[in-house]
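The values are calculated or read from the model by the stated rules, or taken from the named source; none is laboratory data. For clarity, every value in this text was computed on a predicted model and none was experimentally measured. Cβ coordinates were reconstructed from backbone atoms using ideal geometry, including for glycine residues, and neighbour counts include every protein chain displayed. The area values use the complete protein model at the heavy-atom level, side chains included, leaving out ligands, DNA and RNA. Shrake-Rupley method; radii C 1.70, N 1.55, O 1.52, S 1.80 Å.
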Amino acid sequence: KRISIQFVHQQQCELHVQMAAYVAATNVGEVRRTCRCICLSVILRPYHQWALKIAQRKRDKMLARESEVARRSNGNRRKLRTTVVRVEGYMRMYLLAQYADKFAEVAEDEMFGKSKEEVEALWTNISTKEEKMSSDLKVEAREGYEQAVKKKRTITKSEMCDTGLTFTTALKGSLAVRLLIRTHEVAIDAEMVHRELSIPDPDNPKKEVKLTKMLLAKRPDILDNKKTSIKIKKRVLIESELKMMAVQANRNANKTNTSIVLSKVEGIVAQSEEMKKLIDDL
């Protein structure tokens, strides 16, 4: 309740920082950290000071008694430390039990004068994460990230490429070409049907057929790997993606002279729901 001089205030802050670091070193949650800090600050640290005073009074009485006995018997007094620096042995636990009983009485008296709403508010503040600073900071950071993600960003000239903005596979924007394998053949077939791509007719390789839902209804086995291999499907998808990249490049007026080759196709941008689901699961 009084304003202390500056160096005492700084020392108190440093003690608080050390205590917080000590409690956090055990890798416990924030609620338990709060409870431990309250126990250390309110119970254990005052207890040590209180116990030292009692132990010091007992030590002084014992030293005075032994000095009187030694003086009367002309004997040598035991060499005992005059100052108590640490309460040990049975006295430590005995005094702690007494101090805890006294603290419980004071706490009960304080709680008796509080309303039910005030007690519940105090309990919520201590025992839940909603009132913790980390939770407030986490919510604030999450809201900031959401605003940044939803905000429409302007692409600068230096960031433009001949094929437009490219979403890498790490950003879940496309399926890498190396993942066009038989394990993902269901999603690959769905993507080809969604784009209505043309493939060589398995029954007549000189002709091409356009993959549509109507064609699949008539010839459901046309995409079977025994008739249409995964290499053909991969090639058709890459060529389709290449055409889309070329169209995007032509839309950029400053990039019309840039050549587009197959090696520039690093991933397949998903259009079908099956392919999008596969990308999300990977």
**Subset of the range 206-247 [among the β-branched types (Val, Ile, Thr) and touching a Ser or Thr at 6+ places or on another chain (Cβ under 8 Å)]** = Val209, Ile222, Val236
**Item:** Val177 under 23 Å from Lys276 (Cβ atoms) and modelled with pLDDT under 85
**Value:** yes
**Cβ-Cβ under 7 Å pairs, at least 6 apart or on other chains, the range 201-227 side modelled with pLDDT under 85, far side assigned to a loop (DSSP other than H, G, I, E, B) and open to solvent by 100 Å² or more (accessible area, probe 1.4 Å)** = none
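Only one of Thr163, Thr124, Thr169 is touching a strand residue (DSSP E or B) at 6+ places or on another chain (Cβ under 6 Å), surrounded by 10 or more Cβ atoms within 10 Å (Cβ to Cβ) and at pLDDT below 80; which? Steps first, please.
Working: Thr163 fails: touching a strand residue (DSSP E or B) at 6+ places or on another chain (Cβ under 6 Å); Thr124 fails: touching a strand residue (DSSP E or B) at 6+ places or on another chain (Cβ under 6 Å).
Every option except Thr169 fails the conditions.
Name the residue, out of Thr183, Thr154, that is modelled with pLDDT of 70 or more, closer than 30 Å to Lys233 by Cα, open to solvent by 100 Å² or more (accessible area, probe 1.4 Å) and among the hydroxyl-bearing types (Ser, Thr, Tyr). Let's see the steps before the verdict.
Values: Thr154 fails: closer than 30 Å to Lys233 by Cα.
Result: Thr183 is the single residue among Thr183, Thr154 that is modelled with pLDDT of 70 or more, closer than 30 Å to Lys233 by Cα, open to solvent by 100 Å² or more (accessible area, probe 1.4 Å) and among the hydroxyl-bearing types (Ser, Thr, Tyr).
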**Prompt:** Scanning for something open to solvent by less than 90 Å² (accessible area, probe 1.4 Å), out of contact with any Ser or Thr (no Cβ under 7 Å at 6 or more places or on another chain), assigned to a helix (DSSP H, G or I) and at pLDDT 85 or above, does the range 248-257 turn up at least one residue?
**Reply:** no
**Asked** Got at least one residue in the range 56-64 being modelled with pLDDT of 85 or more and of a type in the set (Asp, Glu)?
**Response** yes
**Asked** Within the range 94-113, can you find the residues that are of a type in the set (Asp, Glu) and modelled with pLDDT of 85 or more?
**Response** Asp101, Glu105
**Item:** Residue that is most open to solvent (accessible area, probe 1.4 Å), among those in the range 17-52 that are among the hydroxyl-bearing types (Ser, Thr, Tyr) and closer than 21 Å to Ala107 by Cβ
**Value:** Ser41
